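Notes follow the structure.
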């Protein structure tokens, strides 16, 4: 079945409703982990005990993963249904398992639910959720469609996946704006996540090229995009290491440095065949990257506790 036939079969199935399994697949649970992990890093970095705030934390994790991230996946699949018909024709929308405009309706409904849950978690959480939702729609939906340009699109996704959830987790715990140290580390790890998003784009080079999507592997070529991704992932971690030393957290800094050294070794293997090994690196090097995030969160927690104790 070609692209036009696939989309025609979808448009003529308006009267059908999608199954719960198809909806869950549309929301892509596998993508929920990074923002949920980042939110928990924010919770830990606040230095505030979790006891007595379990319900807020659970709601925050749900907000970061199934709600905001799930919504972003739904709107992305809806707006990318033509590209997915080439790259991933088995996806719920191009395959017709999410018929008619149901993909769009789910994205809109999930956006409203996300904002309502965020509002219950406080002003700062609400503000962060609104920013994340706005970036998610701007990334996928015309006329803005940031994903047409790998520089802007990957920046938006990196902020939504790392910086905003980290900020939200810390804000939920503090019921106020997080400390500037937390914000700086969240921003640095967001910058590094731009490189992770670049590696993720390697799987769609063929479809992106045909559909005119300017991902960095398309714009720069596989080799240059791979080198750029490695640099962007490494430099923010070096900055975090330096800051942790400066903030009197040398053991945490050394732990993050050790993880970065291992990543650099893996990067050498990645760059020998970036297009083929990008998925491998996402399963290995990125695991080390997010482990460093948690170590940094514990360092920030210690710093926050020491400041309170000194006060």
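Every number here is computed from the coordinates shown, using simple stated rules; none is lab data. Every value quoted in this text rests on a predicted model; they were computed, and no experiment measured them. Neighbour counts run over all protein chains shown; Cβ positions are idealised from the backbone, glycine included.
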Sorted on mean Cβ neighbours within 10 Å (highest first), peptides 218-226, 54-62, 127-135 come out as 127-135, 218-226, 54-62
Rounded to the nearest 500, the 222 nm mean residue ellipticity computed for the chain from DSSP H runs (n ≥ 4, each -39500 (n - 2.57)) alone is -24000 deg cm²/dmol
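Quick one: grab the alpha carbon gyration tensor of the range 24-63, order the square roots of its eigenvalues as a ≥ b ≥ c, and give me rounded if a/c is under 1.5, else prolate or oblate depending on whether a/b is larger than b/c.
Judged from the Cα gyration tensor, the range 24-63 comes out oblate (a/c at least 1.5, b/c at or above a/b).
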Each label sits 7 Å from Cα toward the beta-carbon; between residue 152 and residue 30 the label points are separated, in nm, by 2.9 nm
Of the candidate values (i) 21.1; (ii) 20.1; (iii) 18.9, the one computed for Kirkwood radius over Cα pairs in Å from this structure is (ii)
Everything considered on the Cα gyration tensor (a ≥ b ≥ c; rounded for a/c under 1.5, else prolate if a/b is larger than b/c, else oblate), the range 216-311 must be described as prolate
Expected unfolding gain across residue 130-residue 291 under the 0.36 nm per residue rule, minus the alpha-carbon gap, is 55.2 nm
Packing-ranked peptide list from 93-102, 157-166, highest mean Cβ count within 10 angstrom first, is 157-166, 93-102
Simple SL model, points at 7 angstrom along Cα→Cβ for residue 271 and residue 251; separation in nm is 3.4 nm
Ranked output for segments 35-45, 238-248 by mean other Cβ atoms within 10 Å, highest leading, reads 35-45, 238-248
